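Below is one structure, written out as structure tokens; comments come after it.
The values are calculated or read from the model by the stated rules, or taken from the named source; none is laboratory data. Note that this is a predicted model, so its numbers are computed, not measured. All Cβ positions, even for glycine, are placed from backbone atoms using ideal geometry, and neighbour counts span all protein chains on display.
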Amino acid sequence: MNCALCTEKECYNGKDCLKNRDEIKNIYNEHEISIIKTAAHIEAEYYMKKTRIEEIILFSESMNYKKIGLAFCFGLENESKEIFSIFKEHFKVYSTCCKICGIDKTEFELDKIDDNRYEAMCNPIGQASYLNRENTDLNIIIGLCIGHDIVFTEHSQAPVTTLVVKDRVLAHNPLGAIYSKYYLNKISHKK
């Protein structure tokens, strides 16, 4: 089975291609069902009407979340300030920059962008640890690097959603590569 290549998508109309619908249904717990119900409500009520920021606010209010955590990349500091100011109108907001703790990259023998200066490593465990300590209800990723977002999500005690995906080349719009036939052609022919 490879859903990305399927042209029928009969699951949309109820087909169980894996023949394990009941097994999967039994895995959902009460908390997950609550999240799924809230997500379905937001989708049905606000389909094509709200931005992702507005959807996160509506979702969080519906889930009765009070504390929101922002885990952001240093390179998106200005955007994070704006996002912080929007969310603080609705929630108690905690934010943490990727360079939290200022750990030197050389301590873990990490590659540096510039060998001639000090570089603090990105610290997704530090970010998650801080937000865990603040007991946030939901954490939002704002442009963490690939890999760092994975580690942050693994260590976050609160559920995690992504608002901004890091893509330095395409202005943080990774789908731009798919929508541009010229760029798609460029990356499709690389070996």
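Brief remarks follow.
- Whichever residue in region 111-123 is closer than 19 Å to G143 by Cβ and out of contact with any Lys or Arg (no Cβ under 6 Å at 6 or more places or on another chain) and, among such residues, is surrounded by the most Cβ atoms within 10 Å (Cβ to Cβ): C122
- Among the residues of region 121-165, just one is small (G, A, S) and farther than 17 Å from S95 by Cβ, namely G147.
- Considered as a group, the residues in region 140-191 that are among the charged types (D, E, K, R) and modelled with pLDDT of 95 or more include one that is surrounded by the most Cβ atoms within 10 Å (Cβ to Cβ), and that residue is D149.
- Subset of region 158-187 that is in contact with a strand residue (DSSP E or B) (Cβ under 9 Å, 6 or more places away or on another chain) and among the polar types (S, T, N, Q) - its residue that is nearest to K66 (Cα to Cα): T161
- From the list D167, D149, the one residue that fits, being in a loop (DSSP other than H, G, I, E, B) and either without any contact (Cβ under 8 Å) to a residue 40 or more places away in the chain or on the phi < 0 side of the Ramachandran plot (or both), is D167.
- Under the condition of being assigned to a helix (DSSP H, G or I) and within 30 Å of K66 (Cβ to Cβ), the residues counted in region 99-141 number 10.
- The set of residues in region 21-49 being of a type in the set (D, E, K, R), modelled with pLDDT under 95 and either exposed (fewer than 10 other Cβ atoms within 10 Å of the Cβ) or over 24 Å from the mean Cα position of the chain (by Cα) (or both) consists of R21, D22, E23, K25, E30.
- Residue list for region 1-49, filter: in a loop (DSSP other than H, G, I, E, B), among the hydrophobic types (A, V, I, L, M, F, W, C) and more than 25 Å from N64 (Cα to Cα): M1, C6, C17, L18
Every residue, every condition in (1) under 18 Å from L131 (Cα atoms); (2) hydrophobic (A, V, I, L, M, F, W, C); (3) under 18 Å from the mean Cα position of the chain (by Cα), yes or no:
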site	(1), (2), (3)
L5	no, yes, no
K9	no, no, no
K19	no, no, no
T51	no, no, yes
E55	no, no, yes
L58	no, yes, yes
F74	yes, yes, yes
F87	yes, yes, yes
C97	yes, yes, yes
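- Test result for K81, surrounded by fewer than 16 Cβ atoms within 10 Å (Cβ to Cβ) and over 18 Å from the mean Cα position of the chain (by Cα): no
- Residue tally, condition assigned to a helix (DSSP H, G or I) and touching a Leu at 6+ places or on another chain (Cβ under 8 Å), over region 60-98: 5
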